[in-house]
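A short write-up of the structure that comes next.
The values are calculated or read from the model by the stated rules, or taken from the named source; none is laboratory data. What you see is a predicted model, and the numbers here were worked out from it, not measured in a lab. Glycine gets a Cβ as well: all are built from the backbone with ideal geometry, and neighbour counts include every protein chain shown. Only protein heavy atoms, including side chains, enter the accessible area calculation; ligands, DNA and RNA are left aside. Shrake-Rupley method; radii C 1.70, N 1.55, O 1.52, S 1.80 Å.
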Amino acid sequence: MAYRDDIIALGANHLWPCDGNVNDFIGSLNYVNTGGAFSGPQICEDATSSYVTNGTNDSALAASDPSVQDVTVDYCYALWFLTTAIQKTPNRF
């Protein structure tokens with residue numbers, strides 16, 4: 001579990017690997033899944049599945065928490081993603 005171990009070693013407060021659920025692996029800020037499925041392919045070495053959405057109304061929602069809202073602290077948000085298509089830019093009329 002190389003990536004997960006590296007993130008933990010850096011002192012992360014939260015980690016959501018989305019490997020079968022949307023629970024916080026390090027802290028206690030669990031998300032609520034609103035329609036996504038954990039049936040996607042493995043897209044990084046630490047996960048056995050990935051979070052799949054329909055791109056319209058599926059999401060993972062977290063409660064408001066001061067530990068991720070403090071503007072005096074630097075944060076790093078990172079993710080792996082895989083697309084199946086890219087929408088073209090709309091044409092002008």
Note on Leu10: of the conditions (1) under 16 Å from Cys76 (Cα atoms); (2) open to solvent by less than 50 Å² (accessible area, probe 1.4 Å); (3) of a type outside the set (Ser, Thr, Tyr); (4) out of contact with any Ser or Thr (no Cβ under 8 Å at 6 or more places or on another chain), unmet is (2)
Considering only strands (runs of 3 or more DSSP E) wholly within the stretch 13-93, the ones with at least 3 residues that are at positive phi, in contact with a strand residue (DSSP E or B) (Cβ under 7 Å, 6 or more places away or on another chain) and in contact (Cβ under 8 Å) with a residue 60 or more places away in the chain are none
Restricting the stretch 13-37 to residues that are among the hydrophobic types (A, V, I, L, M, F, W, C) and out of contact with any Phe, Trp or Tyr (no Cβ under 6 Å at 6 or more places or on another chain), the one least open to solvent (accessible area, probe 1.4 Å) turns out to be Leu29
Taking the stretch 44-93 and keeping only residues that are closer than 28 Å to Gly20 by Cβ, of a type in the set (D, E, K, R) and open to solvent by less than 100 Å² (accessible area, probe 1.4 Å), one is left with Asp46, Asp58, Asp65
